[in-house]
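The values are calculated or read from the model by the stated rules, or taken from the named source; none is laboratory data. Only a predicted model underlies this, so the values are computations on that prediction, with no experimental measurement involved. Cβ sites come from the backbone with ideal geometry, for glycine too, and all protein chains shown count toward neighbours. Surface areas here come from the heavy atoms of the whole protein model, side chains and all, with no ligands, DNA or RNA. Shrake-Rupley method; radii C 1.70, N 1.55, O 1.52, S 1.80 Å.
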Amino acid sequence: MQRELSEQEIVRRDALKRIKELGIDPYPADLFPVNVSAKEIHDNYERDKLSYKNICIAGRLMSTRVMGKASFSEIQDSSGRIQVYVNRDEICPGEDKTLYNEVYKKLLDIGDIIGIKGYVFTTQVGEITIHATELVLLTKSLRPIPIVKTDKEGNIHDGFNDPETRYRQRYVDLIVNPHVKDAFVKRTQLTNSMRNYLNNKGYMEVETPILQPLYGGAAARPFKTHHNTLDMQLYLRIANELYLKRLIVGGFDGVYEFAKDFRNEGMSRFHNPEFTQMELYVAYKDYEWMMDLVEEMVEKIAMDIHGKTEVQVGNNVINFQRPWKRFTMYGAIEHFTGIDVSKMTEEEMFNTAKKLGIEVDETMGRGKLIDEIFGEMCEGKLIQPTFITDYPVEMSPLAKKHRSKEGLVERFEAICNGKEICNAFSELNDPIDQRARFEEQLELGKRGDEEAMVLDEDFLRAIEYGMPPTAGLGIGIDRLSMIMTNSNSIQDVLFFPQMRPQKKVRVVELDDEEKSVLAYIKSKEKAEIGAAKSGYQESHEISNKKWDKAIKKLREEKLIAFSKNEQGEAIIEFIQ
């Protein structure tokens, strides 16, 4: 179905048609031999002018100032913007001046992608500029891009800054707000730094299944799908933990994976249903060793991105320099609430959570209650990087029991700027204990806990062959990227975040009489049909036939509705 075009879109399509009539391909297939970028010219021209006598550059046309036979334009490539000087007789050395007089001056639009060959010079006002000797159209843009204007004081006008529109149309966002790229460049620097660190340690990057017959490795609701050929239900992974542990059983000493995981949960500025995490498993290590690795690795990442360990995040300056502060889970709760929950029963924990104003329900076991108390009362107050250690066993079905503290497991989370950025264990490798923990999770599932883990017989079989003592780690790449780029929302570090369905605006065409009747009914909210009709006819000259026609149209368009009141009278009302 053909959509309705705006006036500007029609103008651009007319220009496209004329360009084709002139024998110019608006979407040529030929390679264009770009040999320089705008940033490289700005950075190096003044000290190495001889290297820029024969340059070839391509970019998007962002502005044009036509002045008779000569003009100035500005193009934008992936590195930034640069001015271009276009002289009619330079790009049209022969008698035919069509390329300049018609194509450049009349048929090119802001947003078109052009190629320029020429040389670099400095204008009389000192601006580094490309003198074009050849100009070619590489792509004709059929939609107008938003024009962001900056005044002399640096104030931005007509900015493309509505968050929802920016996230839905990231391609436009990147064109008109080039500074947005910086967060994504830093995100790539982050993952490269982490990958280099782990590779230098000798650990192997691997890939494990995204489609899984059983979901596991975390407490979360999965997305479900169906495999037609096998006629079986599959799940998008919520974590890759259990597969990486299988590789440790198989004899690898250290494996890691940058994994796309999926959790069928709520969305917020900290949560996206599709997210990235790096999981690492190393044999013959424990959670104390892993804490040291996390400190060292994240400190290195900060240095690689920012050249220092201090990072500005909102109003806070986060310092990733080692060593980081450490609290036990129970110690953190007592520190921030003054309440010692370590010896409480499940019922006492439930009542304590309610007294603290935390929303709880009967499906929550002791571990879930502790998690809620910590999340509500402690997590948001931990701004500087802090390790929370020694979790209750009920909260950690995959972690090894603490070597010296009854009822606890060897687990830590790193909290930074009020949010968890990583989770790690001394991994449980006792298959009998692991089966018992899975069975406890099954019981929680029967009580209604939708995030309880399922029992994975193949994983149990694997560790029954013997898994060496192992330390495991999961780091949320999206969360860490938010911190390292000073981003307020997870959507700002995801190119294409998941969005709620866009509401379609329903266009209803009404004539003047129908609009008038609708406005009258809307003003009455609800009215008896006969009274509404006579009331309208008193103030408007309208026949019964025209009234009935208008009412029929409004009902067809679902703008009004009929009902009956308690007295059985027919009522007409406007539908919001």
Does the stretch 372-389 hold any residues that are among the aliphatic types (A, V, I, L, M), open to solvent by less than 40 Å² (accessible area, probe 1.4 Å) and not in a helix (DSSP H, G or I), and which are they?
L382, I388
Regarding R18, is this residue open to solvent by 50 Å² or more (accessible area, probe 1.4 Å), farther than 23 Å from H179 by Cα and in a strand (DSSP E or B)?
no
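So that you can scan it fast, the table gives a plain yes or no per residue for (1) surrounded by fewer than 20 Cβ atoms within 10 Å (Cβ to Cβ); (2) hydrophobic (A, V, I, L, M, F, W, C):
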residue: E443; (1), (2): yes, no
residue: E450; (1), (2): yes, no
residue: T470; (1), (2): no, no
residue: M484; (1), (2): no, yes
The correct count of residues that are more than 17 Å from I130 (Cα to Cα) and more than 40 Å from the chain's Cα centre (by Cα) in the stretch 68-109 is 10
Show the residue pairs that are 6+ apart or on different chains and have beta-carbon atoms under 6 Å apart, the first residue being within the stretch 275-289 and under 27 Å from S404 (Cα atoms), the second being open to solvent by 40 Å² or more (accessible area, probe 1.4 Å) and in a loop (DSSP other than H, G, I, E, B).
A283/D253; Y284/P469
Scan S63, S71, S79 and give me the residue that is within 19 Å of L138 (Cβ to Cβ), in contact with an Asp or Glu (Cβ under 6 Å, 6 or more places away or on another chain) and not basic (K, R).
S63
Residue check for Q233: in a strand (DSSP E or B) and open to solvent by 70 Å² or more (accessible area, probe 1.4 Å)
yes
Residues (β-branched (V, I, T), part of a strand (DSSP E or B) and either within 14 Å of L480 (Cα to Cα) or open to solvent by 50 Å² or more (accessible area, probe 1.4 Å) (or both)) located in the stretch 256-294:
T276
Can you tell me which residue within the stretch 58-87, out of those that are open to solvent by less than 40 Å² (accessible area, probe 1.4 Å) and touching a Ser or Thr at 6+ places or on another chain (Cβ under 7 Å), is farthest from K106 (Cα to Cα)?
D77
Are any residues in the stretch 344-371 open to solvent by 50 Å² or more (accessible area, probe 1.4 Å) and under 26 Å from M290 (Cβ atoms), and if so, which ones?
K368, D371
Let me spell it out: the conditions are (1) open to solvent by 30 Å² or more (accessible area, probe 1.4 Å); (2) within 24 Å of the chain's Cα centre (by Cα); (3) of a type outside the set (V, I, T), and S193 meets all of them except one. Which number is the exception?
(1)
Among the residues of the stretch 386-428, what is the count of those that are in contact (Cβ under 8 Å) with a residue 12 or more places away in the chain and over 36 Å from the mean Cα position of the chain (by Cα)?
4
Looking at (1) out of contact with any Lys or Arg (no Cβ under 6 Å at 6 or more places or on another chain); (2) open to solvent by 10 Å² or more (accessible area, probe 1.4 Å), find the lone condition where M297 falls short.
(2)
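Each row is one residue, and each column tells you yes or no for (1) in contact with a helix residue (DSSP H, G or I) (Cβ under 6 Å, 6 or more places away or on another chain); (2) aromatic (F, W, Y); (3) modelled with pLDDT of 85 or more; (4) assigned by the TED database to the domain that holds K546.
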residue: D430; (1), (2), (3), (4): no, no, yes, no
residue: R447; (1), (2), (3), (4): no, no, no, no
residue: Q502; (1), (2), (3), (4): no, no, no, no
residue: K522; (1), (2), (3), (4): no, no, no, yes
Restricting to the stretch 101-154, name every residue that is closer than 22 Å to I57 by Cα, open to solvent by 30 Å² or more (accessible area, probe 1.4 Å) and part of a strand (DSSP E or B).
I113, K117, Y119, F121, T122, T133, E134, V136, L138, T139
Scan the stretch 180-198 and report the pairs whose first residue is among the charged types (D, E, K, R) and modelled with pLDDT under 95 and whose second residue is surrounded by 16 or more Cβ atoms within 10 Å (Cβ to Cβ) and not in a helix (DSSP H, G or I), with Cβ atoms within less than 9 Å and a gap of 6+ or a chain change.
none
